[in-house]
1. What does the charge add up to near residue 100, with Lys and Arg as +1, Asp and Glu as -1, over the other residues with Cβ less than 11 Å from its Cβ?
2. So how much accessible area does residue 54 have, in Å² to the nearest 10, using a 1.4 Å probe?
3. Taking the dipole about the Cα centre of the stretch 37-94, with the C-beta of Lys and Arg at +1 and of Asp and Glu at -1, give me whichever of 71, 82, 59 is farthest to the positive side.
Amino acid sequence: MTHVSLTLKQAQPHAKSRAAFAVIAAIAVLAVSGCASTGDMPREQMAVARAAVDRAAGPAGADAPIEVSEARNKLERATAAVARKDYDEARRLAEQAEVDANLAEAKSHSVRSSRALQEVREGIRQLREEIARG
């Protein structure tokens, strides 16, 4: 019993640290990309944003639909800005799309961790009932 309790307590900070890491990474990306030249088409940022949105649309799509929708919307707007050759706007929107996608993934991880924790707690409750009857 003690081992299970310790494992659960250790698992909760893990999920929070992953979400915190995702947010910090997103802020770092925004800070670094703010130093990039603004006159060229943001090919790399667009590709990174597309990959992030595609990744988030998988399992995160069900657990964080609002965030995934926001990320897709911003990526579409970034694509339109590229077509207009408004590269500063495209870069800004692509960065935001990437951040929204990362947030969706972090939220999805958190939701799945909470579900797993609830299942473990239910299993423990059932075992306690069996022991009490036993």
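1. In short, -2.
2. Rounded to the nearest 10, the figure is 110 Å².
3. Positive-end residue among those listed: 82.
The values are calculated or read from the model by the stated rules, or taken from the named source; none is laboratory data. Computed from a prediction, not measured in an experiment: that's the story for all the values here. Counting neighbours? That spans all protein chains shown, and the Cβs are built from the backbone with ideal geometry, glycine included. All accessible areas refer to the heavy atoms of the entire protein, side chains included, with ligands and DNA or RNA removed. Shrake-Rupley method; radii C 1.70, N 1.55, O 1.52, S 1.80 Å.
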